[in-house]
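Accompanying notes for the structure given below.
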Amino acid sequence: MVDSPDTSVAPHSMAGRHAIIVGGGITGLAAALVLRARQVRVTILERDPEPAVTSAGEAFATWQRKGAVQVRHSHAFLGRLRNLLRARYPQLLDALLAAGARELRMMEHPPHTLRGLRLEPGDDQLVALGCRRTTFEWVTRRFVLAQGDVTIVANATVRQLLAAAHTSPPQVVGVRYGIGDEEHELASDIVVDGSGRTSPAVQWLAAIGARPVYEELEHSGIVYYTRFYRLRPGASEPPRSEHPAAADFNWVKYAIFPADDCTFSITLATPLAFPRLKVLAKVGAFEEMTRAIPALRPWVDPSISEPIGDPAHPVQAMGGLINRLRRFVDAQGPLAIGFFVLGDAAYCTNPLYGRGCAQGFLHAELLGAALAAHPNDLTAAALRLDRQARAEIEPFYRASIIADRDAVRKAEGRAPSRLKTRLQAKFFEDGVTPATRCDPVVFRAFIRMMNMLETPEQAFGHLNVVLRSLWVLLRGKRYNRRYALPPPPERDATIARVEAAA
């Protein structure tokens, strides 16, 4: 414990104060942007080495990010994030576009079966960014450092929080961190944890005597595999067809992610219920699966594209995917004063839904608003941040759990056990899902939810959306077959070919 800071002459804003941010990934960089906008001096403690790269292409090829193993997987930078950049940091958005990031206008590529779609006010918000994670992070990092009064300390591992003496709850006043064998202490006015899903925040708080952290955790039940490609000189992306750019066949899911610099990635996700598909980590098996899925086949045509990436790990595999919620405020208030936990360290969701980066930026913005409202009352700031996060982020965590449970059930061939669950499943499977392929109103609601512009409850709670989905449901499966996805490849034969190719 250390002496309490002197707050008798605290300013009426955050200007001039010092913040430590643990983690220099997307969430940590977002927090730095938000705090610098409020004239806070920022020190980022990042456990990975300083990147020795000078371009986005070089970042993808050589930047080592052992602290963020997902950097060479597909990423979605959703409309909520793109809109936030456009409103708050237009120069950063311009820098990303200059580096090759693409604006993907969702309403320009509706399902093949959808008719009568007309642009409406607000549709200009339904624009995501196509970009590799390494490009997004490298450009954002350079932009953050250019703001001034931001220092990134590389190779720094935070060991513990420093707390003021004789305070209850503990008041965090800095951190102890190590660089190699050297130990350092650094004081600050606030500490922000943006270190991701492996954050040791629970252990840090226990070590300073804080009350226990409430935690929920549920495994997603999938493993996913990613490979990147570059279009060959003169080649264009395959035209849109009846086969969607993403689909779920229950035994395998796939998605195509257009990115910067004429690159794209393909991700395949498989349920743990199909362990035979672990062979997709092998190049031959992955490529055989892409040839078996009609939507992917033209993209991987050797005349159209060539694989890129780490020759030693051409297919990136990632398991252990979880949904986890941690609360750092309980009925008595914040567990520690001056300690704020953002992004995956607080709300971690299955990355298959692509919400992580948008959520990290949103959470950082909510922190900035809380500190602006209560610059001299960190307890009130923590309470406000908790309320806002529960309203704007937590619904997507809940939706991720529901979707993952449903996916596991289908993969295992189980029917819903409860009447309520059966009715909900029927409404979404036989009503909402086909309606997204034939009804412009339901399609728009789905795209708004997918881009985090509305929570699932908001998007699918609109009376018009409910009634239109019910109408599609009541028409029956036979009528709705015309709006169904094309049939998937035959499961067992495809898996056998994939295993043979491995």
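No value in this document is a laboratory result; all are computed from the given coordinates. Note that the structure is predicted; figures quoted are calculated from it, not measured. Glycine also receives a Cβ, built like all others from the backbone with ideal geometry; neighbour counts cover every protein chain displayed.
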- Under-5 Å amide H pairs with ASP330, H placed in peptide plane, nonlocal only: LEU335
- Query: If you stretched the chain out fully between HIS374 and ILE179, how much longer would it get, using 0.36 nm times the residue separation minus the C-alpha to C-alpha distance?
  - Reply: 66.8 nm
- Message: Over the chain, what is the relative contact order in percent, taking alpha-carbon pairs closer than 8 angstrom and at least six residues apart?
- Response: 19
- Kindly write out, for the range 198-206 in residue order, the coupling ³J(HN,Hα) from the Karplus curve 6.51 cos²θ - 1.76 cosθ + 1.60 (θ = phi - 60°), rounded to whole Hz, with x marking Gly and Pro. 8, 4, x, 4, 4, 5, 4, 5, 4
- Message: Output needed for the chain: three equivalent-ellipsoid semi-axes, defined as square roots of 5 times the C-alpha gyration tensor eigenvalues, in descending order, whole Å.
- Response: 40, 26, 22
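On a full-extension model of 0.36 nm per residue, what is the gain between ARG88 and HIS219, subtracting their alpha-carbon distance, rounded to one decimal in nm?
43.7 nm is the gain from fully extending ARG88 to HIS219.
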- Message: Quick check on the chain: helices-only [θ] at 222 nm, where DSSP H runs of length 4 and up contribute -39,500 (n - 2.57) each and the sum goes over total residues. Nearest 500, please.
- Response: -10500 deg cm²/dmol
- Message: Residues of the range 202-227 with the amide nitrogen closer than 19 Å to a label point 7 Å from the Cα of LYS420, along Cα-to-Cβ, please.
- Response: none
- Message: For LYS66, give me every one of the lysines with a C-alpha distance below 26 angstrom, ignoring sequence neighbours fewer than eight places off in its own chain.
- Response: LYS278, LYS282
- Treating only the Cβ atoms of Lys and Arg (+1) and Asp and Glu (-1) as charged, compute the dipole magnitude of the range 26-116 about its Cα centre; round to the nearest 20 debye. 380
- Please turn the phi angles of the range 231-240 into ³J(HN,Hα) values with the Karplus equation 6.51 cos²θ - 1.76 cosθ + 1.60 (θ = phi - 60°), one per residue in order, whole Hz, x for glycine and proline. 5, 6, x, x, 7, 10, 4, x, x, 5
- Query: When ranked by the protection proxy of mean other Cβ atoms within 10 Å per residue, highest first, what sequence do the peptides 486-497, 464-475 form?
  - Reply: 464-475, 486-497
- Task: Collect residues whose amide H, placed 1.01 Å from N in the peptide plane, falls under 5 Å from the amide H of ILE44; neighbours closer than 5 in sequence don't count.
- Result: ILE21, THR151, ILE152, VAL153
- Message: Amide H of SER305 versus every other amide H placed in the peptide plane: which residues, excluding those fewer than 5 positions away on the same chain, fall under 5 Å?
- Response: ARG232
- Partner lysines whose C-alpha sits under 16 Å from that of LYS410, ignoring same-chain residues fewer than 8 away, are LYS253, LYS426
- Query: For the chain, what is the percent of antiparallel DSSP beta bridges, rounded to the nearest 5?
  - Reply: 75
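Please give the peptides 337-350, 153-166, 364-377 ranked by average Cβ packing (other Cβ atoms within 10 Å per residue), highest first, as a rough proxy for protection.
So the peptides 337-350, 153-166, 364-377, ranked by packing, come out 337-350, 364-377, 153-166.
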- Query: Which ³J(HN,Hα) values in Hz, rounded to whole numbers, follow from the phi angles of the range 32-40 under the Karplus curve 6.51 cos²θ - 1.76 cosθ + 1.60, where θ = phi - 60° and Gly and Pro get x?
  - Reply: 4, 4, 5, 6, 5, 5, 9, 6, 8
- Cα-centred dipole magnitude for the chain, charges only on beta-carbon of K, R (+1) and D, E (-1), debye, nearest 20: 1940
